[in-house]
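To start, the structure under review is shown below, and the notes come after it.
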Amino acid sequence: MRRRPLPDLEETRQILASRRSRPAPRPPPPAGRSLSKLIRELDERFGQGPGALQARWREIVGEQIARRTEPVKLVKGRADAGAALEIRVAGPSAALVQHQAPEILARVNLFLGAGSVERLRIVQGPLRPQTGPSPASTPRRRAAPLDAAQEAELARSLADAPDGPLKAALMALGRGVMRRSPPR
């Protein structure tokens, strides 16, 4: 095969002058750049993985199991093997949770997608404090007031008591007792 000789400087100028040159078209941006915003929004809305499991653990496994367990991490399997979900279990509840492992796996796979998690790894240890409203922090409902007849009966029964903080405390106690007791 014979090599073609390269043009000299004058021939190069003639070639470039005779051809109209345009800048090379820019390559399209990577698809990941334009999709990253959409993926981020979808992940925030329907997040998958351990973060989503922690946020919705109570809904996924139910109240009883959620009280005794918490998801720690999701470990991807090697060579097309399914992932393993590591959950932390409070002390002696591990034996009970181990018996419920197939049910927990089914519920987690329902949330993450079929076949996402193949194994459950149970680790005993202390759980983090539960977030959300606790019974002590929920506001108490105000009790309904007594009707006029009950209020008059209570005032009549305490008419002989001297006015002061003791009488006010007895009135409050009487109202509480009368609210709880069934009508006669």
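Which of (1) on the phi > 0 side of the Ramachandran plot; (2) modelled with pLDDT under 90 does G164 not meet, given it meets every other one?
With (1) on the phi > 0 side of the Ramachandran plot; (2) modelled with pLDDT under 90 applied to G164, the lone miss is (2).
Per-residue answers, yes or no, for (1) closer than 19 Å to K73 by Cβ; (2) modelled with pLDDT of 80 or more; (3) touching a Leu at 6+ places or on another chain (Cβ under 7 Å); (4) not basic (K, R):
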site	(1), (2), (3), (4)
A90	yes, yes, yes, yes
H99	no, yes, no, yes
A148	no, yes, no, yes
L158	no, yes, yes, yes
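Select from the stretch 71-82 the residues that are surrounded by fewer than 19 Cβ atoms within 10 Å (Cβ to Cβ) and touching a helix residue (DSSP H, G or I) at 6+ places or on another chain (Cβ under 8 Å) and list them in ascending order. Explain how you work it out, then say what you get.
As a first pass, look at the stretch 71-82 and keep what is surrounded by fewer than 19 Cβ atoms within 10 Å (Cβ to Cβ): 72-73, 75-82.
V72, K73 - these are the residues of the stretch 71-82 that are surrounded by fewer than 19 Cβ atoms within 10 Å (Cβ to Cβ) and touching a helix residue (DSSP H, G or I) at 6+ places or on another chain (Cβ under 8 Å).
Looking at E118, is it touching a residue at least 40 places away in the same chain (Cβ under 8 Å) and of a type in the set (D, E, K, R)?
Values: touching a residue at least 40 places away in the same chain (Cβ under 8 Å): yes; of a type in the set (D, E, K, R): yes.
Yes; evaluated as a whole, the condition is true for this residue.
Out of (1) modelled with pLDDT of 85 or more; (2) surrounded by fewer than 10 Cβ atoms within 10 Å (Cβ to Cβ); (3) aromatic (F, W, Y), what's the single condition that is false for F46?
Of (1) modelled with pLDDT of 85 or more; (2) surrounded by fewer than 10 Cβ atoms within 10 Å (Cβ to Cβ); (3) aromatic (F, W, Y), only one is false for F46: (1).
Any idea which of L85, L105, L96 is surrounded by fewer than 15 Cβ atoms within 10 Å (Cβ to Cβ) and either under 14 Å from L120 (Cβ atoms) or acidic (D, E) (or both)?
Working: L85 fails: surrounded by fewer than 15 Cβ atoms within 10 Å (Cβ to Cβ); L105 fails: surrounded by fewer than 15 Cβ atoms within 10 Å (Cβ to Cβ).
Criteria check complete, one pass: L96.
Answer with yes or no whether G115 is modelled with pLDDT under 80, small (G, A, S) and either part of a strand (DSSP E or B) or more than 30 Å from R179 (Cα to Cα) (or both). Explain how you work it out, then say what you get.
Values: modelled with pLDDT under 80: no; small (G, A, S): yes; either part of a strand (DSSP E or B) or more than 30 Å from R179 (Cα to Cα) (or both): yes.
Here the answer is no, as G115 does not meet what is asked.
The values are calculated or read from the model by the stated rules, or taken from the named source; none is laboratory data. What you see is a predicted model; the values in this text were computed from it and never measured. When we count neighbours, we look across all protein chains shown, and the Cβ atoms used for this are built from the backbone with ideal geometry, even at glycine.
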